[in-house]
Amino acid sequence: MNITGRLTRNAEVRTLSNEKQVVNFSVAVNDGYRNKQGERVEQTTFFDCAYWITPNVARLLTKGTLVELTGRVSPRAWVNKDGEPRAGLNFHTSQIKLHGGSKRAETVQPTAKVENNSIAGISTEDDLPF
């Protein structure tokens, strides 16, 4: 699935107990349509996103950045501290394409390289993580 939207907050890197790192961020996706009365209706859907491939991308993911994401969506439900049921959408991101902020759109993709029997991560000719 692909979604395009703007980051609602700066990305954060979390280190889990097993030493894996995940980049967490939130994206707002705007959509609009005309109802039966011909009125324009705007909707915004919020996705909590997780990117597991490299934490280096977090510095590029700042509030307001327009991104195109490829990945899979999963619903989640919980009860908040006031006892009210809540629901949301998680987006497990496998590819990130940045739009705006530079003259060229940039794509973040996994390109693993083996060094000393370990995965080195992202490598490009200008040493950027995408």
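Figures for the structure shown
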read-out	value
GluC sites (Glu not before Pro) restricted to the range 32-85 and DSSP loop, no more than 13 other C-beta within 10 Å	GLU39
For the range 2-101: accessible area per residue (Å², 1.4 Å)	64
Label-point separation, GLU39 to VAL13 (7 Å along Cα→Cβ), nm	4.8
Amide H within-cut-off set for ASN10, under 5 Å, with H built and near neighbours excluded	LYS63
Carbon + sulfur, % of accessible area of the range 8-95 - ligands and nucleic acids excluded, 1.4 Å	47
Projected label distance in nm at ALA50 and VAL29, using a 7 Å step from Cα toward the beta-carbon	1.8
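The values are calculated or read from the model by the stated rules, or taken from the named source; none is laboratory data. This structure is a prediction, so every number in the text was calculated from the model and none was measured. Here Cβ is always computed from backbone atoms with ideal geometry, including for glycine, and neighbour counts include all displayed protein chains. SASA here: full protein model, heavy atoms, side chains in, ligands and nucleic acids out. Shrake-Rupley method; radii C 1.70, N 1.55, O 1.52, S 1.80 Å.
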